[in-house]
Each structure stands twice: as C-alpha cells, then as structure tokens.
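Can you keep this structure in mind? I'll have questions shortly.
Each reported figure results from applying straightforward, stated rules to the coordinates on display, with no laboratory input. Given the structure is predicted, the values throughout are model-derived calculations rather than measurements. Glycine gets a Cβ as well: all are built from the backbone with ideal geometry, and neighbour counts include every protein chain shown.
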Amino acid sequence: MAGVWSDLSRTLTRLDAIAGDPEERLEDALDTLPPLQYALHRTGELVVGIEPPPGAEVAHAELAAALADARDATAQVLDAVETGGAEDAALLVHEWRGALFRVRLARHRLVARPRAAVRPPVPVEAPRAPAAALAATLLVVVGVGAFTSGAVLGLWQLWAAGLMLVATGLFAYRP
C-alpha cells in the first residue's frame with residue numbers, strides 16, 4: 001500500500017499544481033495530463049484489486065469511486081483544452097479540483113488512526129455540606145439588610161455591623 005499511496009500523492013500534487021493555476025498551466029498540460037490521468041486509472045484498478053480491511057469497506061469503495069471521478073474529470077479538462085483551449089477548460093476547473101479533493105478525503109478516511117488511550121476515570125469529590133453555603137448566604141443577606149438600614153437611618157454602628165456580616169459571609173464558604 002505504501003507504493004500506491006506515494007504514487008497517488010505525487011499524481012495528486014502534480015494535478016493540483018495544474019488545477020491551481022489553470023490560466024498558465026493548462027496550455028502546457030497537454031503532454032502531462034494523459035500520463036496523470038492514466039496514473040489515476042492505474043491506482044483505481046489497484047485499489048479495486050485490494051481487499052479492504054474489516055470495517056473499511058465503505059471507505060475503500062469511496063476511494064475507488066473518487067479515483068474514477070477524478071480520472072473522468074481530468075479527461076473532461078483534457079478534452080476541453082484540446083477542443084476549445086484553456087478558456088473552455090477553465091470552466092471545468094472547480095469541478096476538477098473538487099474531484100481531486102474527494103480523492104484526498106477518501107484516502108484520509110482510509111488511513112488508520114491511532115486509538116486513543118483509555119484514561120482511568122477521574123475521581124469525583126463528594127459535594128460539600130450545604131450548611132456552610134446556607135450560613136454564608138444568610139450572613140450576606142442579613143449583612144446587606146443591616147448595611148442598608150444603617151445607611152438610611154444614619155446609624156453608623158448598624159452600618160459597620162452590616163459590613164462585618166457581609167465580610168464574614170464571604171469567608172464562611174469557599175468553593
């Protein structure tokens with residue numbers, strides 16, 4: 001398989017280079033497109049002749065179909081260049097690039113991915129008792145009430161006591 005992948009990578013790289021700059025490279029590609037088209041055809045036949053590993057049958061069939069589509073799209077571009085020139089072939093470049101991308105995507109799906117290591121479960125801490133949270137909430141609520149009352153009535157002692165209750169409530173519960 002390594003030889004198939006390396007030949008396919010070289011072929012796709014050369015085809016992508018031509019498709020990436022069609023205005024300049026399509027006219028010069030009349031000699032290079034037929035061998036690249038044949039390379040796609042040969043790779044497609046090799047892929048069909050290989051038995052897929054268990055569980056990869058769908059991805060294997062997708063690669064074979066993508067290679068056939070890329071071969072056909074390359075033939076259409078070559079025919080358009082021969083009959084109408086680079087201007088006519090430029091209309092097919094997006095479809096052609098899509099077919100080449102589909103081959104790369106199908107190949108990517110076939111590559112074996114390393115399995116993720118199984119991690120041991122993270123121990124979960126037991127929740128804290130809600131009594132500390134309830135006490136802190138009550139201290140803050142009573143402190144805010146005392147602070148507001150002291151400020152409205154002008155009693156600085158009640159105001160200061162309210163501040164102390166709020167501060168104590170902030171320290172009473174730490175998550």
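Tell me the GluC sites (Glu not before Pro) within segment 66-175 that lie in a loop according to DSSP and have at most 10 other beta-carbon atoms within 10 Å.
Numbers: sites: Glu82, Glu87, Glu95, Glu125; in loops: Glu125.
When the GluC sites (Glu not before Pro) of segment 66-175 are filtered for loop state and at most 10 Cβ neighbours within 10 Å, Glu125 remain.
Another one. For segment 2-110, give the magnitude of the charge dipole about the Cα centre (Cβ charges: +1 Lys/Arg, -1 Asp/Glu; no others), in debye to the nearest 20.
620 debye
Of Tyr38, Pro54, Ala132, which is farthest along the charge dipole of segment 1-147 in the positive direction, counting Lys and Arg as +1 and Asp and Glu as -1 at C-beta?
Of Tyr38, Pro54, Ala132, it is Ala132.
For Glu125 and Val4, FRET efficiency with R0 = 45 Å and r from the beta-carbon atoms, rounded to 0.05? Write out the running numbers ahead of the final one.
Values: r = 53 Å, r/R0 = 1.17.
Computed FRET efficiency for Val4 and Glu125 comes out at 0.30.
I need the phi-derived Karplus couplings for segment 18-25: 6.51 cos²θ - 1.76 cosθ + 1.60, θ = phi - 60°, integer Hz, Gly and Pro marked x.
Rounded to whole hertz, the list is 5, 5, x, 9, x, 4, 9, 9.
Here's something else I'd like to know. Where does the charge balance sit around Thr13 when Lys and Arg score +1, Asp and Glu -1, over other residues with C-beta under 15 Å from its C-beta?
+3
Calculate the FRET efficiency for Ala17 and Val111 from the Cβ-Cβ distance with a Förster distance of 30 Å, rounded to the nearest 0.05.
Computed FRET efficiency for Ala17 and Val111: 0.85.
Answer with a single label: of (1) 144; (2) 242; (3) 118, which was calculated as volume of the Cα convex hull per residue in Å³ from the structure in view?
(2)
Could you tell me which of Gly150, Thr11, Pro120 has its Cα farthest along the dipole of the chain towards the positive end, charges placed at Cβ (Lys, Arg +1; Asp, Glu -1), taken about the Cα centre?
Final value for the positive-end residue is Gly150.
Enumerate the calculated ³J(HN,Hα) couplings along segment 70-77 in order (Karplus 6.51 cos²θ - 1.76 cosθ + 1.60, θ = phi - 60°), each rounded to whole Hz, writing x wherever the residue is Gly or Pro.
Values, residue by residue: 5, 4, 5, 5, 5, 5, 5, 5 Hz.
Here's a follow-up. Choose one answer from Arg119, Arg71, Arg109: the residue with the largest mean-square fluctuation in a GNM of the chain with alpha-carbon springs under 10 Å.
Arg119
To the nearest 10 degrees, how steep is helix 156-172 against the longest Cα principal axis of the chain, on a 0 to 90 scale?
That works out to roughly 40 degrees.
Quick one: Karplus J couplings for segment 138-144, per residue in order, coefficients 6.51, -1.76, 1.60, θ = phi - 60°, nearest Hz, x for Gly and Pro?
The phi angles translate into 5, 4, 5, 5, 5, x, 5 Hz.
Using only helices, what value at 222 nm comes out for the chain when you add -39,500 (n - 2.57) per DSSP H run of length 4 or more and divide by the total residues, to the nearest 500 deg cm²/dmol?
-25000 deg cm²/dmol
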